[in-house]
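The values are calculated or read from the model by the stated rules, or taken from the named source; none is laboratory data. Note that the structure is predicted; figures quoted are calculated from it, not measured. Virtual Cβ from ideal backbone geometry, glycine too; neighbours counted across all protein chains shown.
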């Protein structure tokens, strides 16, 4: 009887040991991945608070005598504040245009029946696979012909066009998950098509809208190529384009360059910290049908 008990308990012991080993291995792997992802941010911040002499002898360690001289040098003149303002205007304008027009189009594709609906939807979605770099020359020629080159409107319109397919795709999928009974009840109560969109669809889609706003804002804020081609005047440059020239100017003074990059990173960190709950909810918003 004792031999039988020991034999039957052995698989359980080995199973628990195996599960513990797997959990420990998973924790180690996730820790390594997290540290690898966070190291660039660590290097950026610790370097920004060092002087050039300390950086030469202590590149990876924490600053022994933190200074803000690199930030002061980065803010000399009015270039970075102006670039920061340009990026803010472009980002806010693009997010508003894309979310407003994209949600209207997505509602039409998800809840209305009209000729060529599926063809138009598939045509728009197919643009998601086209890299923006392939369209840069035609876009540049178009902006020259319509006299929008070297204006903020040029990058606003291009960014809106680039981000619109993904926005329509995501919101269409979400709107299709909304229960039909909710819409029928609204129709019975006398709501028009626009009121259903405005008072029912948009409030229900708040998590998805928050996710799209964050993703689109991060893309526009960090985008370099399109703004570099279309905005050639120094006072119209966005922050990322300006920091490219800024890096060349202070190529040997790494702390000043890192201070400029830290300034560019701060808004994105703030946006994510205050919106992470909505962001996570939006990622799974369309996975459960109503």
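Annotations for the structure displayed:
- Test: residue in region 204-212 that is part of a helix (DSSP H, G or I) and farther than 23 Å from residue 92 by Cβ: yes
- Criterion (farther than 30 Å from residue 137 by Cα, out of contact with any strand residue (DSSP E or B) (no Cβ under 7 Å at 6 or more places or on another chain) and in contact (Cβ under 8 Å) with a residue 24 or more places away in the chain) met by exactly one of 204, 239, 225, 261: 204
- A single entry from 114, 174, 109 fulfils the requirement of being buried (at least 19 other Cβ atoms within 10 Å of the Cβ) and either in contact with a strand residue (DSSP E or B) (Cβ under 8 Å, 6 or more places away or on another chain) or modelled with pLDDT under 90 (or both): 174.
- Tally of residues being surrounded by fewer than 14 Cβ atoms within 10 Å (Cβ to Cβ) and part of a helix (DSSP H, G or I) across region 44-75: 4
- For region 134-141, the criterion of being in the same structural domain as residue 236 (by TED's automatic domain parsing), over 18 Å from the mean Cα position of the chain (by Cα), touching a residue at least 12 places away in the same chain (Cβ under 8 Å) and not in a helix (DSSP H, G or I) is met by none of the residues.
- Only one of the numbered conditions (1) modelled with pLDDT under 85; (2) closer than 24 Å to residue 67 by Cα is not met by residue 271, and that is (2).
- Only one of the numbered conditions (1) farther than 14 Å from residue 254 by Cα; (2) at pLDDT below 85 is violated by residue 52, and that is (1).
- Of the candidates 123, 87, the single residue that is surrounded by 14 or more Cβ atoms within 10 Å (Cβ to Cβ) and either touching a strand residue (DSSP E or B) at 6+ places or on another chain (Cβ under 7 Å) or in the same structural domain as residue 196 (by TED's automatic domain parsing) (or both) is 87.
- Against the criterion of being assigned to a helix (DSSP H, G or I) and assigned by TED's automatic domain parsing to the domain that holds residue 208, residue 109 qualifies.
- The residues of region 112-133 that are under 19 Å from residue 176 (Cα atoms) and in contact with a helix residue (DSSP H, G or I) (Cβ under 6 Å, 6 or more places away or on another chain), listed by number, are 121, 124, 125.
- Among the conditions (1) assigned by TED's automatic domain parsing to the domain that holds residue 220; (2) over 30 Å from residue 210 (Cβ atoms); (3) in contact (Cβ under 8 Å) with a residue 24 or more places away in the chain, residue 76 misses just one, which is (3).
- One residue stands out in region 221-261 among those that are part of a loop (DSSP other than H, G, I, E, B) and modelled with pLDDT of 85 or more: the one that is surrounded by the most Cβ atoms within 10 Å (Cβ to Cβ), namely 238.
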